[in-house]
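Have a look at the structure below before the remarks.
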Amino acid sequence: MTTPNRIILDKYLRHNKKFPHIWCPGCGIGIVLAALLRAIDRTGWTKDEIVLVSGIGCSSRAPVYVDFNTLHTAHGRALPFATGIKAARPPLKVIVFTGDGDCAAIGGNHLIHACRRNIDITTVVVNNYIYGMTGGQQSPTTPEGMKATTATRGVIDQPFHIAELAASAGATFAARSTTYHAKELESFILKGLEHKGFSLVEAISQAPVCFGRRNGMGDPVEMVKREKELAIPISKTAGMTFEEKKDKIVTGIIEEREAQEWTDLYAGVKKTAGEE
Amino acid sequence: MAKANVKRKVVIYRDWCKQCGICSTFCPTGCIVKEEDGYPFPRYIEKCIGCRLCELRCPEFAITVEEWEKSK
Amino acid sequence: MKKKNGQLLQGNEAVVEGALYAGCSFYAGYPITPSTEIAEVLSVKLPERGGTFIQMEDEIASIGACLGASLAGAKSMTATSGPGFSLMQELIGYGVISEIPMVLVNVMRFGPSTGLPTSPSQGDVMQARWGTHGDHPIIVLTADSVPETFEMTVKAFNFSEKYRIPVILLLDEVVGHMREKITIPAEGEVKVVDRLKPEMPPEWYAPYADTNTGVPPMAAFGDGYRHHVTGLVHDAQGFPTAKPEEVVSGMDRLFSKISRGFSEVCITEELYCDDAKTIILSYGAAARSARDAVETMRADGEKVGLIKLKTLWPFPKAALEKYEKSVENIIVAEMNRGQIYREVWRVARGRWQVGKALAPYGNMLTPDMILDVARKVTK
Ligand SMILES: Cc1ncc(C[n+]2csc(CCOP(=O)(O)OP(=O)(O)O)c2C)c(N)n1
Ligand code: SF4
Ligand code: SF4
Ligand code: SF4
Ligand SMILES: [Mg+2]
């Protein structure tokens, strides 16, 4: 059974932080954070061993609200900090909470290299297709044709598909779900947390104020409905062309495989080095 | 279907609710409705099946669904 | 660690030895001439001692990983040169405001951009002071020889741990690459400082509260003292704040914790200053030529002295002000277009004539170049 919100409130929210949180009415970031907290609760990990790291953005404001070791870094740099923490103290459970701009634009290089190292960090990306915090500029995931304050005539760049990008860069677990599919999202995050190696869960999320409004997508409810309508499980995409998949949200586990993890490998390096 | 021997309560914390309408819209049974003041309310609690979807999808941590066995 | 007598080491290798002596257990870096040997040697030595070496994808990732490792309790270091130092700037400020100890070695090379990658220069003195945005305190140390590089590396770690601040060790290509004899002190011979850990129960811990030194104790992630770390201006608990009174007390403490330590942090060495009418002020490789020039002039009977800076920032102005009455001229000898010269001129406020002997083309500043300037002044 999923963890009741009552337990989330008691156990994981910081009581000395002011609620309601800063996010706009209907913004999906809170749904993703709640899914992460329920998944964490199911791991049985203690709060002391968890480090939640973020960059800068609306999504990256999440750590301050929750009662772990929390680290709000600089724009794009959550993964390098997280890598340092994990490499220096491998028993810690290191989780990154980030946005599409934070992890795929300014932090894109760090993302692919963290994937390549297969270091045991779980990254949860809130992909709201936009730079929320700065008021709605184009992000590397904004779909072609959509409008942003810096693309008022429509975006012409091709978007990244973050989960696939991570998988092809070497992440050994990559999955995508949406805020509509909150239960599935939670289960993917749980799998990511329990996976040994670098895992990434992309959460498609509604940003009603900074993205939806400008693109005539209606209120938060309409945006969540849209997630439901556009979602297509990966199992049903066999045989679909790139063009056919382009406007869909492909949900499911994109990659799941076993490979040696960085801190384990480095423990081996230390062992041989010590014996030489 | 609602199990006969289970009683449920859906608590919505109005101080945190930002009236986004997600819980009421996506409640599969129509238990939660949006009231005239814009706030959601579990008006038809007898319909609630305890799926907790409202709780999971509330961006504000503002809903708890409580469930207990009915005493005979 | 056993005492090794008379090893012949490169300056960059002395950085490694100093770091290990000081207890460095984490290094993250990206290769760049003329600092690369530091990474290469540490990649061998750190795992032998149970430490961790990681090659990152760029320099900002490197400093980010070091800050993360430090938050997890490790004494951490990165090393780089000009272009990489530029890439690190944003996170230096992060380390300052979040009060995270670490050591950053910049083995300077010549010029903006790729410049002259293998030529010596001291062109990053002002960048080390002001490279990251916003008003901030910083500690920048330097060295002019291989043994001094060892000494100042240990000091860099000690200051970073004691004051909870990133410390920059600014070396130049000459010092980084030259080989000299050095005796590594035995364990315990040189003081090694570790950050203060909290002793109060976790519920009472305030990671950014004021203390009698201005430096709050630092818990590592995983020690049971769950807390929040942010680059936003924060209150004593570490939570973001914009309340004027909390901004004032938080920011003032950031500066005052360092200014309270000025007498310890500002390190200089003096030669023949007591009766000197002219002082040559220098640092790093240039100080070697300056010493040579001073000895030559002393032999000629000139009343010339040397002040060698081992700390560049905070600028050790007290060392100059001591000679407010006795000294007439100060000549700054450095390998740039006058970065410390401007600082000395600012500090002088007309009390001394300030001159300069510069080598601003990626060339070594020679004793003759300094003598040319100094002899004109003393005539
Ligand atoms: C180095 C740097 N560049 C730019 C910014 C301004 N900035 C803050 S958040 C942000 C975009 C955030 O977008 P995303 O990661 O998608 O987060 P969201 O707000 O959408 O959740 C930008 C550009 C910054 N803080 N730092
Ligand atoms: S709607 Fe946009 S601006 Fe508002 S909290 Fe969400 S991401 Fe930020
Ligand atoms: S638990 Fe399910 S049925 Fe009950 S109110 Fe919530 S969404 Fe509706
Ligand atoms: S989902 Fe939450 S915030 Fe939105 S209307 Fe329902 S209770 Fe209020
Ligand atoms: Mg975004």
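The values are calculated or read from the model by the stated rules, or taken from the named source; none is laboratory data. Keep in mind it's a predicted model, so treat the numbers as computed, not measured. Virtual Cβ from ideal backbone geometry, glycine too; neighbours counted across all protein chains shown. Side chains included, ligands, DNA and RNA excluded: accessible areas come from the protein's heavy atoms. Shrake-Rupley method; radii C 1.70, N 1.55, O 1.52, S 1.80 Å.
For segment A:34-69, the tally of residues that are in contact with a Ser or Thr (Cβ under 8 Å, 6 or more places away or on another chain), of a type outside the set (A, V, I, L, M, F, W, C) and crowded, with 23+ Cβ neighbours inside 10 Å stands at 8.
The set of residues in segment A:1-37 that are touching a strand residue (DSSP E or B) at 6+ places or on another chain (Cβ under 9 Å) and among the charged types (D, E, K, R) comprises A:ARG6, A:ARG14, A:LYS17. Considering A:HIS195, A:HIS110, the condition of being free of Cβ contacts under 8 Å to residues at least 40 places away in the same chain and either open to solvent by 10 Å² or more (accessible area, probe 1.4 Å) or more than 28 Å from A:ARG42 (Cα to Cα) (or both) is satisfied by A:HIS110 alone. Is segment C:67-80 home to any residue that is touching a residue at least 24 places away in the same chain (Cβ under 8 Å) and more than 13 Å from chain A (Cβ to nearest Cβ)? Within segment C:67-80, one or more residues are touching a residue at least 24 places away in the same chain (Cβ under 8 Å) and more than 13 Å from chain A (Cβ to nearest Cβ).
Of the residues A:THR178, A:THR150, the single one that is among the β-branched types (Val, Ile, Thr), within 16 Å of ligand 2 (Cβ to nearest atom) and over 15 Å from the mean Cα position of the chain (by Cα) is A:THR150. Only residues that are within 28 Å of C:THR118 (Cβ to Cβ) and assigned to a helix (DSSP H, G or I) were counted in segment C:158-183, giving 5.
Entry remark, segment A:87-105: residues being closer than 27 Å to C:GLY50 by Cα, more than 7 Å from every other protein chain (Cβ to nearest Cβ) and open to solvent by less than 10 Å² (accessible area, probe 1.4 Å) number 3 in total.
No other residue among A:ILE95, A:ILE85, A:ILE50, A:ILE40 is out of contact with any strand residue (DSSP E or B) (no Cβ under 6 Å at 6 or more places or on another chain) and of a type in the set (A, V, I, L, M, F, W, C) apart from A:ILE40.
Screening A:ALA34 with (1) of a type in the set (Gly, Ala, Ser); (2) within 16 Å of ligand 2 (Cβ to nearest atom); (3) at positive phi gives one miss only, at (3).
Take segment A:106-127 and flag every residue that is within 13 Å of another protein chain (Cβ to nearest Cβ) and not hydrophobic (A, V, I, L, M, F, W, C).
In the first step, residues of segment A:106-127 are kept if they are within 13 Å of another protein chain (Cβ to nearest Cβ); the result is A:106-117, A:119, A:121, A:126.
Matches in segment A:106-127: A:GLY107, A:GLY108, A:ASN109, A:HIS110, A:HIS113, A:ARG116, A:ARG117.
Applying the condition of being away from chain A (no Cβ under 12 Å) and touching a helix residue (DSSP H, G or I) at 6+ places or on another chain (Cβ under 6 Å) to segment B:31-63 and asking which residue is most open to solvent (accessible area, probe 1.4 Å) yields B:VAL33. Name the single residue, out of those in segment C:203-252 being open to solvent by 40 Å² or more (accessible area, probe 1.4 Å) and charged (D, E, K, R), that is modelled with the lowest pLDDT. Checking each candidate, the answer is C:GLU203. When residues in segment C:37-58 are screened for being open to solvent by less than 10 Å² (accessible area, probe 1.4 Å), in a helix (DSSP H, G or I) and more than 7 Å from chain A (Cβ to nearest Cβ), 3 of them pass.
Rundown of residues vs (1) more than 14 Å from every other protein chain (Cβ to nearest Cβ); (2) within 16 Å of ligand 2 (Cβ to nearest atom); (3) crowded, with 24+ Cβ neighbours inside 10 Å, yes/no style:
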{"position": "A:MET146", "(1), (2), (3)": "yes, yes, no"}
{"position": "A:LEU165", "(1), (2), (3)": "yes, no, no"}
{"position": "A:ALA174", "(1), (2), (3)": "yes, no, yes"}
{"position": "A:LEU185", "(1), (2), (3)": "no, no, yes"}
{"position": "A:VAL201", "(1), (2), (3)": "yes, no, yes"}
{"position": "A:VAL224", "(1), (2), (3)": "no, yes, yes"}
{"position": "A:LYS236", "(1), (2), (3)": "yes, no, no"}
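In this structure, is A:THR141 within 11 Å of another protein chain (Cβ to nearest Cβ), of a type outside the set (Asp, Glu) and either more than 16 Å from ligand 1 (Cβ to nearest atom) or under 14 Å from the mean Cα position of the chain (by Cα) (or both)? Taking the combined requirement at face value, the residue does not satisfy it. Pairing each residue of segment C:205-233 that is outside the structural domain of C:SER70 (by TED's automatic domain parsing) with any residue that is outside any loop (DSSP other than H, G, I, E, B) and of a type in the set (A, V, I, L, M, F, W, C), provided the two are 6+ apart or on different chains, yields C-beta distances under 6 Å for C:PHE221/A:VAL51; C:PHE221/C:LEU71; C:HIS228/A:VAL64; C:VAL229/A:LEU71; C:GLY231/C:ILE97; C:VAL233/C:VAL247. For segment C:1-43, the set of residues classified as touching a residue at least 60 places away in the same chain (Cβ under 8 Å), of a type in the set (Gly, Ala, Ser) and closer than 30 Å to A:HIS110 by Cβ consists of C:GLY18, C:ALA19, C:ALA22, C:GLY23, C:SER35, listed by residue number.
Taking every residue in segment B:53-72 that is more than 18 Å from B:ARG43 (Cβ to Cβ) and pairing it with any residue that is near ligand 3 (Cβ under 9 Å from one of its atoms) and assigned to a helix (DSSP H, G or I), at least 6 positions away or on another chain, the pairs with Cβ-Cβ distances below 8 Å are B:ARG57/B:CYS23; B:ARG57/B:PHE26.
If the condition is being more than 12 Å from the chain's Cα centre (by Cα) and under 20 Å from C:ARG164 (Cβ atoms), then segment C:106-132 contributes C:GLY131, C:THR132. Could we say that A:GLY30 is more than 12 Å from the chain's Cα centre (by Cα), at the interface with another protein chain (Cβ under 8 Å from one of its Cβ atoms) and buried (at least 24 other Cβ atoms within 10 Å of the Cβ) here? In short, yes.
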